[in-house]
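Here the structure comes first, spelled out in structure tokens, and everything after it is commentary.
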Amino acid sequence: MELNLQELNKTEYPIPVELQNNIAITSLTSVYNWGRRNSMWPMLFGLACCAIEMIATASSRFDFSRFGMEVMRATPRQSDLMIVSGTVTKKMIVPIVRLYNQMPEPKYVLAMGACASGGGPFKEGYNVVSGIDKYLPVDVYVPGCPPTPQALMYGLIALQKKIDGQSLQVADDVPWYGVGPSEPTPVPILGPDIIDPRQMDMIRRQAEAAARAQTEEPVYQLNAARDLPAFGAEQAAAVATKPKAAAAIDESVEIKSFSQVGMSADAIEALRVKRRENAIQRKAARKAKEG
Amino acid sequence: MVDMTIPEEQIGIGTIEDAIGKLKQRFPADVSDDDRQGYSGVIISADKLQEAARYIKNELGFDFLSSATAVDYLGEGVHSEDHLEMVYHAYRTTGGSALVFKAQTDRSSATLPSLTPIWMGADFQEREAYDLMGIKFEGHPNLQRILLWEGFNGHPLRKDWKEAYYEEDHKPFGSRWPAGHIHRAEEKNVFGKNVSYPADVDLSRLNDISETNMYQAFGMGVDTEHVVDHNGVRTDQLIVNMGPHHPSTHGVFRMIMELDGETVTALEPVMGYLHRNHEKIGERNTFLHNIPFTDRLDYISSMGNNHGYVLAVEQLLSLGAKYTPPTYRTEVLRVLMVELTRIVNHLWGIGFWLNDLGAFFTPVLYFIQERERILDFFEAVAGSRMMCNYMRFGGVFADLPERLHSVSNLMNDRVRDTNTMKFLTEMINERIPRSIDEVDEYLTQNEIIQARAKGVGYISREDAINYSAAGPVLRGSGVAYDIRKSDPYSIYPELDFDVAVQDEGDMYARYKVRLQEMRESVRILKQLLPRLEYTQGEPVNENNAAYSSKVPIGEAYGRVENGKGELGYYVVSAGDKRAAANPWRYHVRAPSFINLTPLGLMSTGAKVADVVAILGSIDIVLGETDR
């Protein structure tokens with residue numbers, strides 16, 4: 001993409017007209033972001049139907065190389081952007097998280113289509129992850145089933161705008177630049193169902209509650225477990241020691257994220273209404289502030 | 001070209017009734033008619049199943065096992081039976097309709113003899129039945145889960161198995177209709193995710209999905225000693241894993257290869273990375289609900305998928321009293337869409353096969369350009385580029401518009417406002433043939449393509465039939481089997497076209513079959529143009545059945561010749577009051593899935609670099625492979 005120096009110019013200092021195409025005085029952030037946003041390399045990675053539209057977006061009619069995105073890399077180590085194009089299944093989430101961990105920072109995730117955003121038409125399926133955001137942080141959601149190439153392109157432009165808004169001075173915006181790479185996302189495990197290591201303790205507590213036949217926390221009646229082959233000795237030891245310590249701490253902690261569990265339907269509804277009202281108030285306040 | 005429309009009597013093997021008669025004569029005690037309402041075929045007792053199957057194949061001539069699937073009759077509704085049932089559809093490659101035979105087993109022990117010694121095509125299908133229904137097949141060479149992973153809790157297609165987001169057995173759900181409450185399923189799940197664990201989950205005994213376990217299950221990597229090749233050179237035996245993230249696996253497909261140097265000595269496909277539970281969801285859905293889901297099976301050719309499904313359900317609907325068959329114009333429109341889809345499919349298939357051969361993304365850009373033109377037409381008629389959701393029971397969603405207006409597609413330069421018939425005529429008579437000629441001119445005689453493709457990925461005629469390969473894979477091995485001719489449906493009998501066949505059985509033959517098929521499709525399309533003119537004004541979407549909620553009791557198997565091969569839908573309607581609008585069983589016989597059965601056979605002895613091209617020449621789509 002052509003570098004428009006006049007646009008990049010971020011100073012009050014007067015530059016003579018004849019030099020305006022040659023000289024710009026600007027901030028490091030602007031140049032840095034300009035470079036990043038126009039060389040966003042997506043990973044050559046397709047999951048399902050949306051991948052076909054992604055290919056169509058890359059091909060001559062729509063051609064997203066106009067935005068500096070034509071270099072699709074097959075390896076995660078050379079890519080900046082993961083376009084999650086299609087239904088994420090439980091079997092596939094394991095490699096996806098691994099791929100995400102292998103991407104160098106700064107890295108972005110674009111959830112393309114209904115399935116990647118929230119499960120889509122297949123949400124209820126037993127092997128379907130209802131949205132990639134259950135495991136990975138998502139930057140841009142593109143709706144559609146599948147999104148048209150135009151919609152995907154709009155999402156990519158939205159991502160560029162997001163990059164433009166990031167500042168080198170704010171550590172939260174550019175963690176890789178200041179405080180080093182962020183923690184890798186824990187890779188899910190294929191057990192009797194997909195197991196998110198971050199929920200290990202919760203799963204254990206649920207199992208214990210079920211074993212004591214206490215049903216404060218509803219547990220779905222399930223089919224008898226299959227006989228599973230034993231874990232390797234090392235992993236078994238690791239799992240066996242870690243949980244005990246964690247369980248002691250956890251006894252006192254409430255399940256925060258899903259605190260509605262066990263509440264009556266009315267209470268849940270009231271909570272929902274309250275949340276909504278709060279959101280409306282926040283929005284009104286923000287609008288008033290913007291003016 | 002072989003004319004496939006010879007009546008069965010003249011071939012001398014006899015009709016289906018004759019065959020059933022002979023079968024019953026041979027096994028008087030073990031074969032009985034399936035006399036349930038709306039059912040056909042015979043039920044064979046489990047202990048004679050193998051013997052009877054061998055007789056069916058060798059003596060009665062049903063050499064092609066098209067579909068093998070399981071149904072769970074849970075002792076409810078009309079079906080007061082309580083057992084698991086395997087349903088087999090066998091055909092003759094000389095043409096004609098199916099011999100349907102079934103075997104039953106009780107739900108607790110669930111064991112049946114494997115039919116893999118008779119038809120290798122049963123291999124993956126039996127593994128699928130084991131995975132999803134929990135039927136054990138005695139004598140199966142490699143009975144492992146195929147779509148889910150080892151250690152998954154339960155067999156999900158059983159009727160009493162409930163998923164984590166389970167709400168009700170049948171749609172529309174009471175919460176949504178008529179009450180209309182909307183909630184997110186996550187909010188009702190303790191974990192906030194689509195997961196549920198057995199109450200006795202033992203986290204210290206998590207399934208060890210380590211790769212070695214999987215390789216050993218395939219009989220690979222057990223012996224990692226140095227091997228000495230025929231030149232006396234010591235080489236290493238390697239296991240190379242390809243996928244599920246790999247640019248040449250056409251999606252999330254995985255292959256595990258055992259290599260001797262650079263030669264493949266064994267190959268096992270691993271799939272299920274896009275298993276999104278079509279069948280379970282399809283059994284909760286209403287019949288009508290499933291049409292848009294079929295779009296997402298083989299997402300390159302959604303119109304063809306629609307067609308197979310509506311044909312299957314129309315078979316059931318025709319048992320009812322009020323059914324009126326689709327009008328002639330409906331059939332013309334359906335064939336028009338399906339043939340255009342076939343061209344799209346083959347353009348895409350050839351293009352990506354060339355990618356795999358190393359012509360990375362140059363030829364395919366030209367093919368995608370042609371595809372876009374056809375998608376413009378689909379978008380203008382059906383409303384969507386890819387997921388057309390166009391066909392209805394007894395009709396189609398809408399007639400062709402008089403003019404093509406492209407509102408949503410603003411970048412679309414040529415199709416902004418054109419007369420539909422003018423656009424179609426130009427496309428069919430000029431654009432498409434021109435682009436096919438272009439493909440032919442630049443590629444068919446290309447030296448590199450010939451060097452890479454000839455003699456590689458070979459499968460013999462006998463193996464192709466035995467492994468239930470379908471579509472261009474079967475026809476590339478010299479079997480002139482095209483359902484449009486062999487077991488005709490819609491208006492194909494009155495259309496003039498040939499079956500594309502090549503005898504060589506290699507990648508090049510499959511490429512030429514695809515090329516030839518595109519030309520035949522153009523021939524069909526040219527014949528459709530006058531038919532479109534003179535049927536103008538006939539209703540296409542006024543059939544009562546189109547949005548009917550009641551489907552009569554019975555089973556049906558509808559199949560079409562899709563771009564990738566034989567696409568079949570096995571549908572069972574329980575028809576009881578509670579769920580007359582919901583299929584009891586909804587199974588997809590996916591050509592991409594079953595065509596992978598001989599992948600190991602084709603790849604053994606090939607070089608690593610050829611394996612991706614062999615996979616490309618089978619032309620799979622993962623949406624359909626994993627469903």
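A compact table of results
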item	result
Amide hydrogen neighbours beyond the local backbone of A:T26, cut-off 5 Å, H modeled	A:K10
Ranked packing of A:60-73, B:273-286, B:88-101, most packed first, by mean Cβ within 10 Å	B:273-286, B:88-101, A:60-73
FRET efficiency estimate (nearest 0.05) - Cβ-Cβ, B:D260 to B:E51, R0 41 angstrom	0.55
Global geometry of chain B, whether rounded, prolate or oblate, following the gyration tensor of its Cα atoms and the 1.5 cut on a/c	rounded
Label-point separation in nm, B:E17 to A:V71, each point 7 Å along Cα→Cβ	7.2 nm
Spatial separation of Cα centroids for region A:107-140 and region B:580-607, in angstrom	26 Å
For peptides B:598-608, B:428-438, B:563-573, B:385-395, sequence by mean Cβ density within 10 Å, most packed first	B:563-573, B:385-395, B:598-608, B:428-438
Signed unit charges on C-beta, dipole axis of the protein assembly as shown, positive-most listed residue B:I146, A:L19, B:P363	A:L19
Distance (nanometres) between label positions extended 7 Å along Cα→Cβ at A:D63 and B:Q144	4.7 nm
Shielding of B:177-186 by partner chains, average beta-carbon count, 10 Å	2
Normalised convex hull volume, region B:278-626, alpha-carbon set, Å³ per residue	129 Å³
Phi to ³J(HN,Hα) by Karplus 6.51 cos²θ - 1.76 cosθ + 1.60 over region B:505-522, Hz, x for Gly, Pro	x, 10, 4, 5, 5, 5, 4, 5, 4, 5, 4, 4, 5, 5, 5, 5, 5, 4
Residues listed by number, region B:336-367, amide nitrogen under 14 Å from B:E494 label point at 7 Å toward C-beta	B:336
Computed helical MRE - 222 nm, chain B, DSSP H runs ≥ 4 contributing -39500 (n - 2.57), nearest 500	-10000 deg cm²/dmol
Inter-probe distance in nm under a simple model that places probes 7 Å from Cα toward Cβ, at B:Q104 and B:Y534	5.2 nm
Rounded if a/c under 1.5, otherwise prolate or oblate - the protein assembly as shown, Cα gyration tensor axes	rounded
Förster radius 30 Å - calculated FRET efficiency between B:K136 and B:D200 (Cβ-Cβ, nearest 0.05)	0.85
Per-residue mean of C-beta atoms belonging to partner chains within 10 Å, peptide B:365-375	3
Packing-based exposure ordering (other Cβ within 10 Å, fewest first) of A:W41, B:W149	A:W41, B:W149
Check: chain B dipole with +1 on Lys, Arg Cβ and -1 on Asp, Glu Cβ, in debye	1420 debye
³J(HN,Hα) computed for each position of region A:24-36 - Karplus, 6.51 cos²θ - 1.76 cosθ + 1.60, integer Hz, glycine/proline x	9, 10, 8, 8, 4, 4, 4, 5, 4, 5, 4, x, 5
Within region A:129-145: backbone nitrogen closer than 17 Å to the A:R275 label point (7 Å, Cα to C-beta)	A:130-131, A:133-135
Efficiency of FRET from Cβ geometry, B:H181 and B:E542, R₀ 30 Å, rounded to 0.05	0.30
Greater than 32 Å apart at Cα, pairs in B:K188/B:K280; B:K159/B:K193; A:K123/A:K274	none
Cα shape, region B:352-500, gyration tensor, a/c 1.5 rule	oblate
In order through region A:45-52: 3J(HN,Hα) via Karplus (6.51 cos²θ - 1.76 cosθ + 1.60), integer Hz, x for Gly, Pro	7, x, 9, 8, 3, 4, 4, 5
Members of A:K134/A:K289; B:K485/B:K526; B:K136/B:K162 lying beyond 25 Å, as alpha-carbon distances in this model show	A:K134/A:K289
Burial order of peptide ranges B:180-193, A:114-127 (average beta-carbon count within 10 Å, highest first)	A:114-127, B:180-193
Evaluated at q = 0.10, 0.13, 0.17 Å⁻¹: base-10 log I(q)/I(0), Debye formula over Cα of region A:49-178	-0.32, -0.54, -0.92
Centre separation in Å (Cα based) which lies between region B:316-351 and region A:51-84	34 Å
Residue mean of other protein chain beta carbons inside 10 Å, B:161-169	4
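Rule-based calculations on the coordinates, nothing more; no lab input. From a predicted model like this one, the values you see are computed outputs, not experimental measurements. So basically every Cβ, Gly included, is an ideal-geometry build from the backbone, and we count neighbours across all protein chains shown.
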